[in-house]
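Quick notes on the structure that follows.
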Amino acid sequence: MSNRFSQITPELLELSDLCERNSKIDPALYDRYDVKRGLRDISGKGVLAGLTEISEIVSSKNIDGKEHPCEGKLYYRGIDVENIVEGFLREDRFGFEEVAYLLMFGQLPDAQKLINFTRLLDKYRSLPTNFVRDIIMKAPSQDMMNTLARSVLTMYSYDDYADDISLPNVLRQSLQLLALFPLLAVYGYQAYCHYHDNKSLYIHAPKPELSTAENILHILRLDSQYTSLEAKILDLALVLHAEHGGGNNSSFTTHVVTSSGTDTYSTITAALGSLKGPRHGGANIKVGQMFEDMKANIKDWTNESSVADYLTRLLNKQAFDRCGLIYGMGHAVYSLSDPRANVLKRFVESLSKEKNRIEEFQLYSLVERLAPEIIGRERRIYKGVSANVDFYSGFVYNMLDLPLQLYTPLFAIARISGWSAHRLEEIVNSGKMIRPAYKAVSACQKYIPLEAR
């Protein structure tokens, strides 16, 4: 028997048709009124909607008054993220906590400040009494982003100063969420597996001596075992996903909702809702699914013509989900290269060797090489196309034996640092509520009395 609560009835279908008929806007009107759909101009460049010191994306250089594509760069508080990664890897330590400090406070911590910061996160890495039993264990969702959002919103009820938006209190809330996101996501996944898949339920408490990446692997795995390489690559993925300019959808959402004066839990829940969307945080899931279909339909993964034929069929809506996309290729801002993908790729090969999956890595490398040429041939595009961070991150998570349901929550676990930085920046600088203009293009109608309709 189907769930009546979830049923689409004939009445709803009729009302849906009515809604669609009376909601469609003539596309020509966007050109007539020079509306920047998606807050982007015709070339794809974002409309300037604010200022930020938190991070910057560079994808072109101005030469003689003209924009020319360049190798992509990502800066956290003015520091090249590639230099940040090189720094903590050279010193053989984890980097996510350092990056979170940098994003939120605007400067790199010295050794003692970093120790104090990690100790503060350890202090906050404890859920309220009975939260796991009363909240996470009840009505577990098949989508971990919904579980995470519900948990965050419910934390409002446990906070005596939930509505206090003074800087010290918002900072306290932000640090607590940064510390707790791994627990909320992983425990939610384990509860779902227990109640819906009849799997054994185990809840590991986090360990204070472990980094965020190590704690994720520790609380997720039944035996709590992981290799040094696994932990370092997961930490690297968190660093690369921590922030990406103020114009990405979820960070912009954080600014918009914060500007209304609402509480931290409502703001971060809104950001989670944004990130959940497959056009934003769920892209690496599509990449993984696409490659699974590719491996199932190509006999020889080293045969360039077979791979090229599959990619061509993808673009022509003849393969996989028939949406006409090669997932993981192309980005709204980067054209020549995505620096995050470049950094991640350097370590993917090492992990694929440790996991005995080097043939799959070689397939990914082949697709990365062939796809731009095929896209350029099959499509008219105004800029170059390169692999984005999602192209390799899904493969990394799969090799780490992380469940598909946690791919997007892992993005959130990293991005809560960037969201928190943007919320704090908006609170410090906000003077007005963000309220963009929409032009009404509806035709005038006369009110008709009910009996005359």
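The values are calculated or read from the model by the stated rules, or taken from the named source; none is laboratory data. Every value quoted in this text rests on a predicted model; they were computed, and no experiment measured them. No Cβ is skipped: glycine too gets one built from the backbone with ideal geometry, and neighbour counts run over all protein chains shown.
A few points about this structure:
- Across region 19-30, the number of residues qualifying as surrounded by 10 or more Cβ atoms within 10 Å (Cβ to Cβ) and either free of Cβ contacts under 8 Å to residues at least 60 places away in the same chain or more than 16 Å from VAL441 (Cα to Cα) (or both) comes to 2.
- When ILE84 is tested against the conditions (1) under 28 Å from GLU426 (Cβ atoms); (2) touching a helix residue (DSSP H, G or I) at 6+ places or on another chain (Cβ under 6 Å); (3) in contact (Cβ under 8 Å) with a residue 60 or more places away in the chain, the lone failure is (2).
- Out of ALA111, ALA28, sole residue that is more than 24 Å from the chain's Cα centre (by Cα), assigned by TED's automatic domain parsing to the domain that holds HIS244 and farther than 30 Å from ASP338 by Cβ: ALA111
- Filtering region 115-147 to residues that are part of a loop (DSSP other than H, G, I, E, B) and either over 26 Å from LEU102 (Cα atoms) or hydroxyl-bearing (Ser, Thr, Tyr) (or both) leaves SER126, PRO128, THR129, ASN130, MET137, LYS138, ALA139, PRO140, SER141, GLN142, ASP143.
- Inter-residue pairs, beta-carbon under 7 Å, first outside the structural domain of PHE131 (by TED's automatic domain parsing) and in a loop (DSSP other than H, G, I, E, B) and in region 156-167, second among the hydroxyl-bearing types (Ser, Thr, Tyr) and surrounded by fewer than 15 Cβ atoms within 10 Å (Cβ to Cβ), 6+ apart: none
- Unique residue being in contact with a helix residue (DSSP H, G or I) (Cβ under 8 Å, 6 or more places away or on another chain) and either over 19 Å from ASN215 (Cα atoms) or not hydrophobic (A, V, I, L, M, F, W, C) (or both) when the list is SER166, SER200, SER157: SER200
- All of (1) at positive phi; (2) outside any loop (DSSP other than H, G, I, E, B) hold for VAL396 with one exception: (1).
- In this entry, TYR33 is excluded by the filter for residues that are hydroxyl-bearing (Ser, Thr, Tyr) and surrounded by 15 or more Cβ atoms within 10 Å (Cβ to Cβ).
- All positions within region 127-154 that are without any contact (Cβ under 8 Å) to a residue 40 or more places away in the chain and either over 17 Å from LEU410 (Cα atoms) or among the aromatic types (Phe, Trp, Tyr) (or both): PRO128, THR129, ASN130, PHE131, ARG133, ASP134, ILE135, LYS138, ALA139, THR154
- Of everything in region 372-387 that is outside any loop (DSSP other than H, G, I, E, B) and out of contact with any helix residue (DSSP H, G or I) (no Cβ under 6 Å at 6 or more places or on another chain), the residue that is surrounded by the fewest Cβ atoms within 10 Å (Cβ to Cβ) is ARG377.
- Here the condition is being hydrophobic (A, V, I, L, M, F, W, C), in contact with a strand residue (DSSP E or B) (Cβ under 9 Å, 6 or more places away or on another chain) and part of a helix (DSSP H, G or I); of ALA421, ALA414, it holds for ALA421 alone.
- Test: residue in region 407-419 that is assigned by TED's automatic domain parsing to the domain that holds MET290, closer than 29 Å to GLU56 by Cβ, under 21 Å from the mean Cα position of the chain (by Cα) and surrounded by 20 or more Cβ atoms within 10 Å (Cβ to Cβ): no
- Those residues of region 20-78 which are closer than 30 Å to ILE427 by Cβ, among the hydroxyl-bearing types (Ser, Thr, Tyr) and part of a loop (DSSP other than H, G, I, E, B), in sequence order: THR52
- Test for GLN107: is it surrounded by fewer than 15 Cβ atoms within 10 Å (Cβ to Cβ), over 22 Å from GLY418 (Cα atoms) and modelled with pLDDT of 95 or more: no
- Among the residues of this structure, ALA421 does not count as one that is under 17 Å from GLY50 (Cα atoms) and without any contact (Cβ under 8 Å) to a residue 12 or more places away in the chain.
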